[in-house]
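The values are calculated or read from the model by the stated rules, or taken from the named source; none is laboratory data. Predicted model, so just to flag it, every value in this text is computed and none were measured. Ideal geometry is used to build each Cβ from the backbone, glycine not excepted, and the neighbour counts take in all protein chains shown.
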DNA sequence: TGACTCATGTCAGGATTCTGACATAGGTTG
DNA sequence: CAACCTATGTCAGAATCCTGACATGAGTCA
């Protein structure tokens, strides 16, 4: 179907490859999480809470790369199903610190082994040197993209 | 807000970093495409058609990492607005080869310079060696993820 | 030839996510 | 203190995308 022999520079674009890799990772994670009745955002939320207990709704949203509205409905579901708990009143400000329940922790453990297998498969065939190089390169990309996304292109940034 | 001093291994996870980088890239692309009234999928479709004229709806969908239903409604819009053309009848099979109109090509040119600036910003601070390493590593990830996503975990695969 | 399988285009319905908006809490600055 | 700004939680509506389904065309194989 439609000779791909043209072979243009789509495969040499780092942006396209980044999207392709991210898409493949998401698909693989969805495949292993589906049997557990869990979505990727679902899992991300639980994993974030396990590693940083007491995160607020907005912080979880930033960590899972969704809007705080989306995270809010997810948290409401998780709370109703007994996987997380939030205090009825904010101890300070308006932020409600969220925590995993024992049930949530058990649910997460199942998912963690599934997701870890995906990450191990992704890293298969890469040397330790390549893995650390990948870490450094991806961090560089994130940093460069965030730098100029809001106005000043290449300016020193003050405070943080 | 919520001391991040805990510092767990979220920042050392290649999967998380991959998602973070992809999310940052998408946000940056949306930011520069919005003034042109164009979405990322919109642009991806036009770019694919420029590099591989005559792609079908399903092929475009795979190239842009969306379902063919999603790409179909996008193509219908683009066709109505005069950016692409599709024959009324399929020359062979059911696939309708899609092509850019001159109007579509002009629209794409604007977007291309905007997107290229984002990609250049993303690559800023990386050496040529690092860029080729990134290409190789990302390709490896995609390949490893796709390999075991459908059944056989670590088996030899026959005929491609 | 006929049955089977696969890919494609398309329609309809539902699920997910986002955009817009509002009220409130806390910090900052005059 | 008062005005302002930022961040947060939450509600409502809209946009986006996907899942399910159907009919059709082409290739495969007995």
(message) Suppose the filter is at positive phi and either more than 13 Å from DNA strand D (Cβ to nearest atom) or within 9 Å of another protein chain (Cβ to nearest Cβ) (or both); does residue A:82 pass it?
(response) yes
(request) Report yes if residue B:26 is within 13 Å of another protein chain (Cβ to nearest Cβ), exposed (fewer than 15 other Cβ atoms within 10 Å of the Cβ) and within 12 Å of DNA strand D (Cβ to nearest atom), otherwise no. (result) no
(message) When you check residue A:56 against the structure, is it modelled with pLDDT of 95 or more and at the interface with another protein chain (Cβ under 9 Å from one of its Cβ atoms), yes or no?
(response) yes
(message) Of everything in the range B:40-53, what is within 9 Å of chain A (Cβ to nearest Cβ) and in contact with a strand residue (DSSP E or B) (Cβ under 9 Å, 6 or more places away or on another chain)? Give them in sequence order.
(response) B:50, B:53
(request) Just give me the residues in the range B:36-58 being without any contact (Cβ under 8 Å) to a residue 12 or more places away in the chain and touching a helix residue (DSSP H, G or I) at 6+ places or on another chain (Cβ under 8 Å), in sequence order. (result) B:39, B:51, B:52
(request) Only one of these is within 12 Å of another protein chain (Cβ to nearest Cβ), in a loop (DSSP other than H, G, I, E, B) and under 30 Å from residue B:141 (Cβ atoms): A:66, A:115, A:142. Name it. (result) A:66
(request) Would you mind stating whether residue A:62 is farther than 27 Å from residue B:145 by Cα, within 13 Å of DNA strand D (Cβ to nearest atom), surrounded by fewer than 17 Cβ atoms within 10 Å (Cβ to Cβ) and free of Cβ contacts under 8 Å to residues at least 24 places away in the same chain? (result) no
(message) With the requirement that a residue be touching a helix residue (DSSP H, G or I) at 6+ places or on another chain (Cβ under 6 Å), within 16 Å of DNA strand D (Cβ to nearest atom) and free of Cβ contacts under 8 Å to residues at least 40 places away in the same chain, what does the range B:87-124 give you?
(response) none
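Here's the yes/no breakdown for (1) away from DNA strand C (no atom under 16 Å from the Cβ); (2) surrounded by fewer than 12 Cβ atoms within 10 Å (Cβ to Cβ); (3) on the phi < 0 side of the Ramachandran plot; (4) not in a helix (DSSP H, G or I):
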| position | (1), (2), (3), (4) |
| --- | --- |
| A:16 | yes, no, yes, no |
| A:21 | yes, no, yes, no |
| A:32 | yes, no, yes, no |
| A:35 | no, yes, yes, no |
| A:44 | no, no, yes, no |
| A:48 | no, no, yes, no |
| A:55 | yes, no, yes, yes |
| A:70 | no, no, yes, no |
(request) Could you please let me know if residue B:108 is more than 23 Å from residue A:125 (Cα to Cα) and away from DNA strand C (no atom under 16 Å from the Cβ)? (result) yes
(message) Within the range A:118-134, take every residue that is within 20 Å of the chain's Cα centre (by Cα) and more than 9 Å from chain B (Cβ to nearest Cβ) and give me the one that is farthest from residue A:44 (Cα to Cα).
(response) A:132
